[in-house]
Amino acid sequence: MKDTKANAAAIDVRDLYVEYRTDDAVVRAVNGISFRLEKGRTLGLVGETGAGKTTTALALMRLLPDRVSHVAGGEIYIRGDDVMALPDRTMNLIRGEIISMIFQDPMTALNPIMTVGDQIKESLKIHNSEKRSEREIDARVDEVLELVGIPAERKKDYPLAFSGGMKQRIVIAIALACSPDILIADEPTTALDVTIQAQVLALIDELKQKLGTALLMITHDLGIVVKTCDDVAVMYAGQIVEYGSVQQIFSPGDHHPYTEGLFGAIPNVRSKARRLTPIEGLMPDPTALPEGCKFSPRCPKCMEICRTQEPAESERDGHRLKCHLFGGEAHE
Ligand code: SF4
């Protein structure tokens with residue numbers, strides 16, 4: 001059932017499939033995922049490289065490279081609007097005004113031959129539903145730079161004049177310029193050193209509190225999840241294998257063996273979360289996913305049934321698990 005606009009979630013993804021085409025194969029990068037992000041909340045999308053996190057974000061923004069990829073099934077709603085059905089023009093307006101994305105590498109997100117002020121201004125001009133005058137746009141450029149802790153007079157500088165942390169602040173300023181309701185942050189601190197990481201995360205959190213933005217935080221870093229997220233979706237091979245509140249995911253109890261693996265490699269991780277340590281083995285080749293459970297070749301608890309039958313999802317109190325260990329409608 002489609003939500004009415006009034007009660008619509010910020011993001012509502014239902015049974016989403018995304019495929020990439022290569023010369024000789026079709027790769028299923030996202031394999032039937034569902035989640036909701038409510039207004040003002042933060043959802044962490046967690047997993048190793050290749051799990052399908054960024055592909056999910058690009059599908060939400062309708063920015064999948066269209067010659068080689070497409071949404072092969074499912075539905076995406078942004079504040080109740082059916083993203084797949086929107087005309088391109090409407091989607092261009094929604095992107096920036098309603099939903100915005102902070103990319104991982106600030107150097108590729110910024111134009112090196114345009115001043116940072118002009119880059120913020122350009123975004124404001126493209127998405128000018130408030131019909132701001134030139135003077136109001138200039139004032140807004142100053143305002144968002146100050147908001148991310150950069151003196152407004154530096155708007156005349158080019159990206160090269162800034163450090164990595166400052167560049168990421170500028171990327172955040174561009175993303176926030178039009179006050180979007182929803183922000184997707186794709187590994188926003190990976191390219192930064194640890195001290196600057198903490199500053200940028202604190203800034204995102206502060207802005208979220210101030211502006212009431214819903215945040216989709218894509219990360220492979222459990223430390224970031226525990227500090228910034230309300231809910232967590234653990235992704236593996238294009239599927240969500242565990243979903244719950246931060247409390248449910250970080251407390252002892254029933255957990256997917258992959259989630260256990262993410263935590264288990266680190267001593268006392270549930271009280272002191274750190275960067276994910278690789279689990280033995282590799283994510284499966286997406287052109288040749290295993291039968292049954294996609295984690296079975298790496299799972300220390302793998303049973304006979306796991307190699308042939310895809311596990312169903314069980315759910316209790318909003319905590320979802322996709323594993324034969326917790327079969328049935330609700331896990332015990
Ligand atoms: Fe491991 Fe089986 Fe659960 Fe997959 S379904 S995670 S192989 S126990």
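So here's what we get for this one:
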{"quantity": "Rounded Å value of the spacing that divides the Cα centres of the stretch 281-332 and the stretch 106-141", "calculated": "46 Å"}
{"quantity": "DSSP bridge pairs, the chain: antiparallel proportion in percent, nearest 5", "calculated": "65 percent"}
{"quantity": "Net +/- balance of residues flanking residue 192 in space, Cβ distance below 13 Å, scoring K and R +1, D and E -1", "calculated": "-2"}
{"quantity": "Local electrostatic count at residue 106 - Lys and Arg +1, Asp and Glu -1, tallied over other residues with Cβ under 12 Å", "calculated": "-1"}
{"quantity": "Lysines whose Cα lies under 26 Å from that of residue 227, excluding same-chain neighbours fewer than 8 positions away", "calculated": "39, 53, 167, 208, 210, 272, 322"}
{"quantity": "Global geometry of the stretch 115-218, whether rounded, prolate or oblate, following the gyration tensor of its Cα atoms and the 1.5 cut on a/c", "calculated": "oblate"}
{"quantity": "MRE, 222 nm, helices only [DSSP H, n ≥ 4, -39500 (n - 2.57), over the chain, to nearest 500]", "calculated": "-8500 deg cm²/dmol"}
{"quantity": "Cα pair distances of the chain binned at 10 Å [whole percent]", "calculated": "5, 25, 33, 24, 10, 3, 0"}
{"quantity": "Taking 208, 156 and counting other C-beta atoms within 10 Å, the order from fewest to most", "calculated": "156, 208"}
{"quantity": "Burial ordering of 127, 70, 256, fewest other beta-carbon atoms within 10 Å first", "calculated": "70, 127, 256"}
{"quantity": "Listed residues 281, 86, 158: farthest to the positive end of the dipole of the chain (Cβ charges)", "calculated": "158"}
{"quantity": "Cross-link reach list, aspartates and glutamates versus residue 5, counting only Cα pairs under 14 Å and skipping chain neighbours closer than eight places", "calculated": "38, 81, 82, 181"}
{"quantity": "Cβ-based exposure ranking for 166, 217, 107, in which fewest neighbours within 10 Å come first", "calculated": "107, 166, 217"}
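FYI, it's all coordinate maths here, none of it is from the lab. The structure presented is a predicted model; accordingly, all values stated were derived computationally and were not measured. When we count neighbours, we look across all protein chains shown, and the Cβ atoms used for this are built from the backbone with ideal geometry, even at glycine.
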